[in-house]
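For reference, the structure discussed in these notes is given below.
Derivation of every value follows stated rules applied to the coordinates shown; laboratory data play no part. All values reported here derive from a predicted model rather than from experimental measurement. Don't worry about glycine lacking a Cβ; one is built from the backbone with ideal geometry, like all the others, and counts go over all protein chains shown.
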Amino acid sequence: MTTHYDTLEVQSPSQREAALMAALPQQIAHAQSHAPAFAGILRGIDASTVTSRAALARLPVTRKHELLALQQAERQATGSGDPFGGFSALRYGPHMPHVFASPGTIYEPEGTRKDYWRMARAMYAAGFRAGQLIHNSFSYHFVPAGSMMESGAHALGCTVFPGGTGQTEQQVRAMAELKPAGYIGTPSFLKIIVEKAAEMKVALPTVTRALVSGEAFPPSLRDWLAERGIAGYQCYASADLGLIAYETEAREGLVLDEGVIVEIVRPGTGDPVAEGEVGELVVTTLNPDYPLIRFGTGDLSAVLPGSCPTGRTNTRIKGWMGRADQTVKVRGMFVHPGQVAAIARRFPEVGKARLVVSGEMANDSMTLQVETAGGAAAHAGLDQRIGEAIRDVTKLRGTVELLPPGSLPNDGKVIEDARSYK
């Protein structure tokens, strides 16, 4: 099955990086001119100078809760407030055939370009080909998931049965009678359909592959499907950004899509981490209709070394590894990852830092674990100075533990809530 959707997948990494960095300043200038929110967020930025990842990393990260707040503020404004909060370069009319809603509520525009959400690439990697029927069980109601997959299937040259969610028996009957080449939807709903088919004693011999997303796809479920003749592949996408990364037959992480620039940053900051270190996925999309620049997904992942055995040369990530928003409440005060980063930045001797909240609710304590070369003996008084910074930044007292480099786990956690909730 090792073939490629297009030549972009096998271009040299240097060619790809050059093309992305050439497109980046144009996208930033476009966002400044056509998306009012970014005219404000990027005020004073000369787009022509943002031609490298280092320059990109100096721009502010816009996280989903900030996008939501701007949308809500605009929607509550008197007069003709922008329901998209100034992030969309499109307006209602023929260039915006659909508007979708995600939890929050966040509204997302859909443009008219072929394969607008860029899902065809993931479908191709999962084995779908032109001339096939795809059973699409993503929701067509409110959220864009159903449309995301349908538009990708059409770009690939496939026919789509819009199954949506629910009505399990009818889904089984449609699969048995229409004989699709495979399924697209959440992995848990596919399991429900397969179990229902077995209960009904209805064979589904043509359903031999699946592209799943929207929730975790553990190896146990992948193997369960494989035992029943279905090869399941996963992709990572969002309503804001479209396709971000997709799985291949190599089963070694997820390959990044060609239409995004992905950074992994320390949670609560915009600072890129070293390759292989777990952090928050921050994505810049090259979509001109919804030009999100350094959009913080809130999801944790890490870059894998090397390239995909299938010959695809783009960067690979481990996939979804949890959420980056680790805000906790300690003695009535919110403490968030950005505060931990602010404390660490005050001390050049400090590498990684991790705040551990322990004890019982209402009787909890904080310990800031920091990595420093040479340990406590090499930095007399450092723990006391860091302790003062903890109180200054968080308004709470905390103890400090100095550790040698490499002591803290590589799991993306900046705050660990180890309290007892009994």
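Among the listed pairs LYS191/LYS352; LYS179/LYS318; LYS114/LYS201; LYS64/LYS329; LYS191/LYS329, those with a Cα-Cα distance over 31 Å are LYS191/LYS352; LYS179/LYS318; LYS114/LYS201; LYS191/LYS329. Rounded to the nearest 20 debye, the dipole size of the chain about its Cα centre is 260 debye, using +1 on the Cβ of Lys and Arg and -1 on the Cβ of Asp and Glu.
Looking only at the range 171-208, which residues have a backbone nitrogen under 15 Å from a spot 7 Å from the Cα of ALA231 in the C-beta direction? Under 15 Å, as judged by backbone N against the label point of ALA231, lie 181-183, 206-208 of the range 171-208. Using a Gaussian network model of the chain in which every pair of alpha carbons under 10 angstrom is joined by a spring, one finds that among VAL278, VAL262, VAL202 the greatest mean-square fluctuation is at VAL202.
Rg and Dmax over the alpha-carbon atoms of the range 314-396 stand at 14.9, 49 Å. Only Cα pairs under 8 Å and 6+ residues apart enter the sum, and on that basis the relative contact order of the chain stands at 13 percent.
Could you size up the charge dipole of the range 328-417 around its Cα centre, putting +1 on the beta carbon of Lys and Arg and -1 on that of Asp and Glu, and report it in debye to the nearest 20?
300 debye
One decimal place: the segment THR399-ARG129 gains 91.3 nm when fully extended, by the rule 0.36 nm per residue minus the C-alpha distance. Semi-axes of the equivalent ellipsoid for the range 171-261, computed as √(5λ) from the eigenvalues of its C-alpha gyration tensor and ordered from largest down, come to 26, 14, 11 Å.
Of GLY332, GLY146, GLY131, the residue with the greatest mean-square motion in the GNM of the chain, using alpha carbon springs below 10 Å, is GLY332. Take the convex hull of the alpha carbons in the chain; its mean projected area over all directions comes to 24.0 nm². Please check the chain for the longest run free of chymotrypsin sites (Phe, Trp or Tyr not before Pro) that are loop-located per DSSP (anything but H, G, I, E, B) and have at most 15 other Cβ atoms within 10 Å. That would be 143-420. Multiplying each eigenvalue of the alpha-carbon gyration tensor of the range 40-128 by 5 and taking the square root yields semi-axes of 25, 23, 14 Å, largest first, rounded to whole angstroms.
Based on Cα contacts under 8 Å between residues 6+ apart, the range 68-185 shows a relative contact order of 22 percent. When +1 charges are put on Lys and Arg Cβ atoms and -1 charges on Asp and Glu Cβ atoms, the dipole computed for the range 161-204 relative to its Cα centre reaches about 60 debye. Summary of the geometry: the range 85-144 and the range 286-326, compared by the centres of their Cα atoms, lie 19 Å apart.
Relative contact order of the range 328-417: 34 percent, from C-alpha pairs under 8 Å at least 6 residues apart in sequence.
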